[in-house]
Amino acid sequence: MNKKIVFLILVILSSALLTSCFDSKEIDEKAYIIALGLDKGKNNYLNMTLQLALPNKITSGEGESTSTTTVETPTLYAGLNMINTYISKEVDFTHCKVVVFSKELAQEGIHDYIHAMIRGREFRGSMFVAVSTGTAEEFIENATPILEMNPAKSYEMNFRSYEYTGFTGDTTLTNFYMLAECSCRQAFATLVGVNPYEDSDEFDPKNSTFREKGHDRPLEGDFYAGKIPKVYGTKSEVMGIAAFDGGRMVGEFDGQEALFHQMLYGTYQSSYISIPDPKNPDAFVILNVNQGRKPTHHVEMINDAPINSAKVQLEADILSIQSGFNYENTDNIQILENAAEEHIKKGMLRFLNKTRPMHADLCGFGRDLKMKYLLWEEWEKVHWLKKYAESKFNVDVEVKIRRPGLMVRSAPAKGSEGDVMK
Amino acid sequence: MAMKNKITFGSFEASCITITLITTQLFLNLPRAMMEVAWTAAWLLTAYVSVIALLLFFIIDRLYRPFEGKDLLDLGEHIGGNIGRIIVGIIVLLFLIYITPVILREFSENMKIIALTRSPLSFVLLFFLTGMIIASYAGLESIVRLSAIIVPIIAVGYLMIITGSLRYIDFSRITPWLGSGPYEIFVKGAPRISVFAGIILVYFLYPFIRTKKNFTTVGYASVVFSGLFFFIGVLIFSLIFQYPTGTESFLPIYELARLVEYGRFFQRLESMFVIIWVASALLHLSILLFLIAYVFKKTFKLKYYKPLIIPFSIIIFSLAIFSHNLLSAIELEKHFRTFAWMVTFLLPIVLLIIARFVKQPAKKEGES
């Protein structure tokens with residue numbers, strides 16, 4: 001009899017427990033934020049823009065899959081409170097994929113916002129940190145996914161495009177936070193912007209950085225975000241990186257410089273690179289380049305000024321030879337390798353010299369120097385990030401062309417005018 | 001000692017529960033605490049205190065030879081009769097009653113931060129306390145045998161978190177190699193052997209594991225494996241979170257778990273962390289509550305320990321909510337980790353040395 005009573009009590013208790021918590025929240029009771037934008041406010045500290053996912057639209061595939069709202073607020077979390085008053089569901093950041101700061105705000109310093117996100121359990125370290133060349137609000141409003149109905153996946157894939165373009169970088173929140181607090185290198189964020197072009201006739205070469213680099217015409221990476229000559233369904237774009245000194249943005253780099261940064265930093269994977277043809281300056285050779293080995297850095301202090309050396313080893317496959325010159329020949333391949341090395345080295349030195357006045361050791365030369373010290377106090381006395389401005393750079397680039405693609409020689413087209421490559 | 005004759009278990013089970021009692025700090029704040037002392041050389045400090053703990057246990061093990069099957073209370077009785085036993089018992093009780101509420105509070109508060117954010121603290125405390133009470137009622141054998149099942153699972157989960165975060169390591173983060181300096185590490189850092197405070201359990205398990213061989217095996221296995229887990233955890237944490245960023249991290253291993261990500265599919269491994277974390281916390285706290293009741297019973301020669309469980313639970317609960325906030329509880333734990341070595345290592349050594357010089361008085365006829 002006693003056993004039956006005990007069994008009955010256990011069943012009643014279990015049934016009560018199995019109903020789950022009284023204060024539980026179902027997935028559909030939350031408003032999932034996928035992008036957060038922070039601008040300077042007009043009347044208060046911040047303009048906070050949230051892009052919310054609309055799950056029912058994502059599943060049905062009809063209509064816009066996101067909704068955007070902006071509030072003026074003194075702080076990030078105060079803004080959340082305000083937004084929670086007029087949207088029907090509670091705001092949740094666990095699926096937030098990107099935080100965008102306006103350039104204006106980033107130049108004033110964002111470390112306090114980064115700390116607020118790291119401290120909050122809802123923000124994930126894998127979300128991306130970006131700086132908008134215009135306002136963050138404008139960027140988020142224009143970031144409408146085209147190829148992907150799921151906006152979170154769209155952001156994730158877009159911001160990870162550096163893995164096959166090299167034009168931005170790994171700017172996840174954890175990475176940014178760690179670099180910002182490091183005494184041997186500096187943080188960087190993805191540069192984002194909104195494209196102004198409505199028609200391809202409006203394309204303006206003035207929006208490219210090719211002239212200041214000494215290029216004859218714009219190469220694929222010679223643009224900042226918001227300046228790419230393109231017409232597409234979505235106006236938002238990612239291209240280049242923003243450099244930080246501590247928590248303050250101090251400069252920006254275009255796509256090609258971001259690519260050189262990745263090569264020197266060691267996160268470069270692969271991308272297509274156009275090299276001016278050494279035999280025909282009006283033509284290009286297109287290479288599919290990947291990092292052969294991680295770059296090595298070496299720092300020497302001479303007269304209290306750093307001499308930073310880097311060795312970058314790349315491998316490449318030939319994708320296109322516009323001039324038709326037979327670089328695939330084992331005698332000629334060296335010419336192409338040398339030209340590629342020279343082109344990349346020149347770009348890298350230009351990039352590194354640009355980082356110097358910004359005190360932005362984006363490539364982590366300080367790591368090498370730090371490893372030579374035994375005590376933290378001794379290392380701190382070096383004041384590396386201050387000394388970085390006095391740096392001199394040596395870069396050794398090695399490009400090995402491994403494969404010619406699916407063609408072993410370039411035969412010309414036969415025409416009435418003879419052999420032509422056009 | 002009615003229990004002594006009935007309950008015995010193997011050295012594997014005893015090692016598992018001791019390792020749990022020692023290493024649970026890893027899931028709280030150990031990597032950060034080590035980094036606060038040695039800065040970039042936190043891994044070195046961890047290796048150093050592990051070696052010291054091993055040496056001290058070697059000494060204790062040697063000194064224990066003539067006292068097979070005796071725990072610290074038996075040694076106290078051997079030296080000073082009832083008074084000796086009561087003094088040792090009170091020292092150990094104070095030691096356990098100090099740390100148990102602190103750990104209970106820390107686990108509950110952390111649970112509130114990472115998972116049960118909206119539940120009242122008292123509910124989370126009671127959640128743990130209920131588990132502790134049930135386990136203590138079930139007795140030592142149940143706790144120990146359960147630990148033999150759960151500890152390997154916890155170990156696998158822990159190693160998964162560690163290996164999953166390996167791709168973020170950067171060796172420059174543990175440089176400069178000597179961090180805060182040799183004096184801070186090797187002199188000021190020495191009291192950090194208190195991280196092995198949980199080894200105290202081995203002295204009380206001795207009557208249950210019976211033989212000197214088992215005692216030696218359990219002791220060495222506990223120190224070596226705990227030291228290894230500590231070292232791996234602190235090293236990997238230091239290689240991922242550089243100094244001083246690592247000193248900001250509230251729950252270091254949880255932070256590592258949050259980093260684990262392979263592609264878009266394999267993410268959010270911290271949910272696994274919560275499971276292994278609660279399992280180890282429950283085992284840790286259960287054995288502490290049992291130990292308090294058991295030591296009290298034996299110190300004052302009571303017949304049963306079970307009636308003591310609820311009163312001690314109430315005391316622990318009251319003390320747990322005594323701290324104003326989590327930071328005060330952490331501060332209390334810091335003090336404990338500075339002085340705990342005195343009870344864990346110094347007290348047994350002193351007792352064992354004195355006991356060697358004390359002759360056991362001849363037992364009167366009929367005395368058990």
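Just so you know, all these numbers are worked out from the coordinates, no wet-lab data involved. Computed from a predicted model, the values in this text were never measured in an experiment. We place every Cβ from the backbone using ideal geometry, glycine too, and count neighbours over all the protein chains shown.
Length, then width, then depth: along the principal axes, the Cα atoms of the range A:97-156 run 35, 28, 12 Å. Taking a ≥ b ≥ c as the square roots of the eigenvalues of the Cα gyration tensor of the range A:243-294, is the shape rounded (a/c under 1.5), prolate (a/b larger than b/c) or oblate? Oblate. Among A:ALA106, A:ALA189, A:ALA389, the largest mean-square fluctuation in a Gaussian network model of chain A (Cα springs under 10 Å) belongs to A:ALA389. Within chain B, the longest run free of GluC sites (Glu not before Pro) that sit in a DSSP loop with at most 10 other Cβ atoms within 10 Å is B:1-364. Note on A:LYS25: aspartates and glutamates with a C-alpha under 18 Å away, same-chain residues under 8 apart excluded, are A:GLU90, A:ASP92, A:GLU122.
With 20 Å as the limit, the listed pairs A:LYS230/A:LYS279; A:LYS153/A:LYS235; B:LYS213/B:LYS301; A:LYS311/A:LYS346; A:LYS3/B:LYS297; A:LYS279/A:LYS346 have A:LYS230/A:LYS279; B:LYS213/B:LYS301; A:LYS3/B:LYS297 beyond it between alpha carbons. Computed about its Cα centre, the charge dipole of the range B:2-356 is approximately 860 debye, with only Lys, Arg, Asp and Glu carrying charge at their Cβ.
Under the classification rounded if a/c is under 1.5, otherwise prolate if a/b is larger than b/c and oblate if not, where does the range B:1-150 fall, given a ≥ b ≥ c as square roots of the Cα gyration tensor eigenvalues? Here the range B:1-150 falls in the oblate category. For the peptides A:196-209, A:237-250, A:40-53, A:296-309, the ranking by mean Cβ contacts within 10 Å, running from highest to lowest, is A:237-250, A:40-53, A:296-309, A:196-209.
The alpha-carbon atoms of the range A:1-156, seen along their principal axes, cover 77, 37, 29 angstrom, with the largest extent given first. Of the GluC sites (Glu not before Pro) found in the range A:380-422, the ones in coil according to DSSP and having at most 15 other Cβ atoms within 10 Å of their Cβ are A:GLU417. Averaging 1/r across all pairs of distinct Cα atoms in chain A and inverting the result yields a Kirkwood radius of 24.2 Å. Largest GNM mean-square fluctuation among B:TYR137, B:TYR206, B:TYR262, using chain B with Cα springs under 10 Å: B:TYR262.
The sum of -39500 (n - 2.57) across all DSSP H runs of n ≥ 4, divided by the residue count of chain A, sets its helix-only mean residue ellipticity at 222 nm to -8500 deg cm²/dmol. At a Förster radius of 60 Å, what calculated FRET efficiency corresponds to the Cβ-Cβ distance of A:LYS230 and B:LYS212, to the nearest 0.05? Taking R0 as 60 Å, the efficiency between A:LYS230 and B:LYS212 is 0.15. For the range A:95-160 versus the range A:359-422, the spacing of their alpha-carbon centroids is 28 Å. Seen through its C-alpha gyration tensor, with square-root eigenvalues sorted a ≥ b ≥ c, the range A:27-253 comes out oblate because a/c lies at 1.5 or above while a/b is not bigger than b/c. Using the alpha carbons alone, the radius of gyration of the protein assembly as shown stands to its Kirkwood radius in an Rg to Rh ratio of 1.07.
Placing +1 on the Cβ of every Lys and Arg and -1 on the Cβ of every Asp and Glu, with nothing else charged, gives the range A:266-422 a dipole about its Cα centre of roughly 300 debye. With a Förster radius of 30 Å, plug the Cβ-Cβ distance of A:LYS372 and B:GLN267 into 1/(1 + (r/R0)^6) and report the FRET value to the nearest 0.05. That gives a FRET efficiency of 0.20. For a straight C-alpha distance cut-off of 20 angstrom, the lysines reachable from B:LYS303 (same-chain residues fewer than eight places away being disregarded) are B:LYS4, B:LYS6, B:LYS70.
Each of A:ILE5, A:GLY79, A:GLY246 was scored by the projection of its Cα onto the charge dipole of chain A, and the greatest displacement toward the positive side belongs to A:ILE5; charges sit on the C-beta of Lys, Arg, Asp and Glu.
With one equal scatterer per alpha carbon and no solvent term, the Debye-computed log10 I(q)/I(0) for the range A:312-373 at 0.18, 0.19, 0.22, 0.25 1/Å reads -0.79, -0.83, -0.95, -1.10.
For chain A, a Gaussian network of Cα nodes joined below 10 Å ranks A:PHE159, A:PHE210, A:PHE365 by mean-square fluctuation, and the top entry is A:PHE210. Using just the C-alpha positions of chain B as equal point scatterers, what log10 of I(q)/I(0) does the Debye formula give at each q in 0.07, 0.10 1/Å? Taken in order of the listed q values, log10 I(q)/I(0) reads -0.30, -0.62. Note on A:LYS40: lysines with a C-alpha under 17 Å away, same-chain residues under 8 apart excluded, are A:LYS103. The stretch between A:VAL408 and A:GLU108, if pulled fully straight at 0.36 nm per residue, gains 102.6 nm over its current Cα-Cα span.
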